[in-house]
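The values are calculated or read from the model by the stated rules, or taken from the named source; none is laboratory data. Bear in mind the structure is a predicted one, so any value in this text is a computation, not a measurement. Heads up, the Cβs are rebuilt from the backbone with ideal geometry, glycines too, and the neighbour counts pull from every protein chain shown.
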Amino acid sequence: MPKPVLLVTRRLPVEIEALAAQDYDARLTASDTAIADLLARAEGADAILCCPGDRMDTATITALPDRVKVIGTFSVGHDHIDIAAARARGIKVCNTPDVLSVATAECAMLLILSAARRAGEGERLVRSGEWAGWAPTQLLGTQVSGRRLGIFGMGRIGREIARMARGFDMEIHYRDMARLPPDLECGAMFHDSDDSFLPMCEFLSLNAPGGDGTRHWLDHARIARLPGGAVVVNAARGTLVDDAALIAALRSGHIAAAGLDVYDSEPNVHSDYLTLQNVVLLPHLGSATTETRDAMGRVVLDGIAAILAGRSPANLVS
């Protein structure tokens with residue numbers, strides 16, 4: 001019996017490509033960037049394994065060959081896929097939940113520490129060759145330990161960040177659609193309104209999903225409610241931030257520093273961020289550990305296989 005045909009839109013870890021080739025007639029790609037001829041290469045495919053930068057919009061999904069039965073995404077987020085269009089075509093969608101929570105939370109903590117302690121500025125100073133040695137007032141930052149951390153979006157990743165932040169004796173506040181049960185809340189303080197939440201956020205970590213409901217959530221009005229000198233980090237979705245509002249607050253000093261791993265219109269980065277010293281910029285490294293990316297690959301391949309076999313896997317989105 002012939003193997004199902006799987007189109008893989010980007011280069012994947014070696015172990016995952018080997019698994020794909022073992023179980024599928026895999027159409028692999030050597031490129032890290034989106035393939036330009038997706039529709040042509042999807043001809044005859046039973047499944048597509050795409051990535052967050054692949055825009056699977058209504059037009060693309062509508063034009064997919066009838067044989068395509070499942071789209072798997074190498075990510076937890078699926079806002080790059082038009083779920084309604086896929087559902088209308090009878091195409092199932094699966095993702096990679098659970099396995100990247102710790103790695104992404106580590107990245108958020110990296111951003112918190114780097115932004116607060118001005119690590120980006122310090123690294124650039126040393127590389128420039130202009131560092132003249134230790135000085136009492138050199139690159140004074142903000143202490144993290146014992147401060148208040150606000151988490152916008154207390155899902156799996158948000159809860160992992162809270163767990164790590166407790167190691168720094170941070171006081172955890174969170175904003176979400178509903179309060180968590182006590183065993184998941186672990187002493188964190190729930191807020192049901194921005195008015196009570198934002199003034200508590202000496203540090204603010206954005207961890208909500210993307211989509212129209214959260215687009216540009218961090219805007220001028222919400223930034224104004226943060227304490228002066230707050231630190232903002234985003235390792236979730238670039239669309240959560242109104243770039244112009246955050247840039248203005250970084251310039252004025254109302255926001256002392258920011259750490260960003262994701263961007264609106266990624267991979268395009270607002271050019272004004274590049275002129276600011278008080279922002280740490282990473283190239284979407286949230287889940288970028290060998291262990292995590294391998295686990296993501298196994299999860300999404302298992303999900304695709306289950307759907308093609310007529311089963312509903314735990315990672316079924318729709």
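Here are the criteria: (1) over 22 Å from Thr292 (Cβ atoms); (2) of a type outside the set (Val, Ile, Thr); (3) surrounded by 20 or more Cβ atoms within 10 Å (Cβ to Cβ). Tell me which single one Arg41 does not satisfy.
(3)
Of the numbered conditions (1) surrounded by fewer than 23 Cβ atoms within 10 Å (Cβ to Cβ); (2) farther than 22 Å from Asn268 by Cβ, Leu204 satisfies every one except a single condition; which is it?
Of (1) surrounded by fewer than 23 Cβ atoms within 10 Å (Cβ to Cβ); (2) farther than 22 Å from Asn268 by Cβ, only one is false for Leu204: (1).
Taking only pairs six or more apart or across chains, which ones have beta-carbon atoms under 6 Å, a first residue in the range 286-297 that is over 23 Å from Ser205 (Cα atoms), and a second residue that is crowded, with 20+ Cβ neighbours inside 10 Å and of a type in the set (Val, Ile, Thr)?
These pairs meet every condition: Ala295/Val99; Met296/Thr96; Met296/Val99; Gly297/Ile16.
For the range 124-167, how many residues are charged (D, E, K, R) and either touching a strand residue (DSSP E or B) at 6+ places or on another chain (Cβ under 8 Å) or outside any helix (DSSP H, G or I) (or both)? Break it down stepwise before answering.
Keep residues of the range 124-167 that are charged (D, E, K, R), which gives 124, 127, 130, 147-148, 156, 159-160, 163, 166.
Filter again for either touching a strand residue (DSSP E or B) at 6+ places or on another chain (Cβ under 8 Å) or outside any helix (DSSP H, G or I) (or both), leaving 130, 147-148, 166.
Final tally of qualifying residues: 4.
Which number in (1) within 24 Å of the chain's Cα centre (by Cα); (2) more than 21 Å from Gly228 (Cβ to Cβ); (3) surrounded by 14 or more Cβ atoms within 10 Å (Cβ to Cβ) marks the one condition that Cys186 misses?
With respect to (1) within 24 Å of the chain's Cα centre (by Cα); (2) more than 21 Å from Gly228 (Cβ to Cβ); (3) surrounded by 14 or more Cβ atoms within 10 Å (Cβ to Cβ), Cys186 is out only on (3).
Let's see how each residue does on (1) free of Cβ contacts under 8 Å to residues at least 40 places away in the same chain; (2) small (Gly, Ala, Ser); (3) part of a strand (DSSP E or B):
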site: Ala245; (1), (2), (3): yes, yes, no
site: Ala248; (1), (2), (3): yes, yes, no
site: Tyr273; (1), (2), (3): yes, no, no
site: Ala305; (1), (2), (3): no, yes, no
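If you go through the range 104-111 one residue at a time, do you hit one that is touching a Ser or Thr at 6+ places or on another chain (Cβ under 6 Å) and part of a helix (DSSP H, G or I)?
So far as the range 104-111 goes, yes, one or more of its residues are touching a Ser or Thr at 6+ places or on another chain (Cβ under 6 Å) and part of a helix (DSSP H, G or I).
Taking only pairs six or more apart or across chains, which ones have beta-carbon atoms under 9 Å, a first residue in the range 177-205 that is of a type in the set (Phe, Trp, Tyr), and a second residue that is exposed (fewer than 12 other Cβ atoms within 10 Å of the Cβ)?
Phe190/Ala178
Give the residue, chosen from Ile112, Ile71, Ile83, that is surrounded by fewer than 18 Cβ atoms within 10 Å (Cβ to Cβ) and among the hydrophobic types (A, V, I, L, M, F, W, C). First the steps, then the outcome.
Working: Ile112 fails: surrounded by fewer than 18 Cβ atoms within 10 Å (Cβ to Cβ); Ile71 fails: surrounded by fewer than 18 Cβ atoms within 10 Å (Cβ to Cβ).
Matching residue, one of Ile112, Ile71, Ile83: Ile83.
Quick one: in the range 44-64, of everything that is loosely packed, with under 14 Cβ neighbours inside 10 Å and modelled with pLDDT of 95 or more, which residue is nearest to the chain's Cα centre (by Cα)? It would help to see each step written out before you state the result.
Of the residues in the range 44-64, the ones loosely packed, with under 14 Cβ neighbours inside 10 Å are 44, 55, 57-59, 62-63.
The next check asks that each one be modelled with pLDDT of 95 or more; those that pass are 44, 57-59, 62-63.
Values: Gly44: 32, Asp57: 19, Thr58: 23, Ala59: 25, Thr62: 27, Ala63: 28 Å.
By that ranking, first place goes to Asp57.
Among the residues in the range 277-287, are any in the same structural domain as Asn234 (by TED's automatic domain parsing) and in a helix (DSSP H, G or I)?
No, that holds for no residue.
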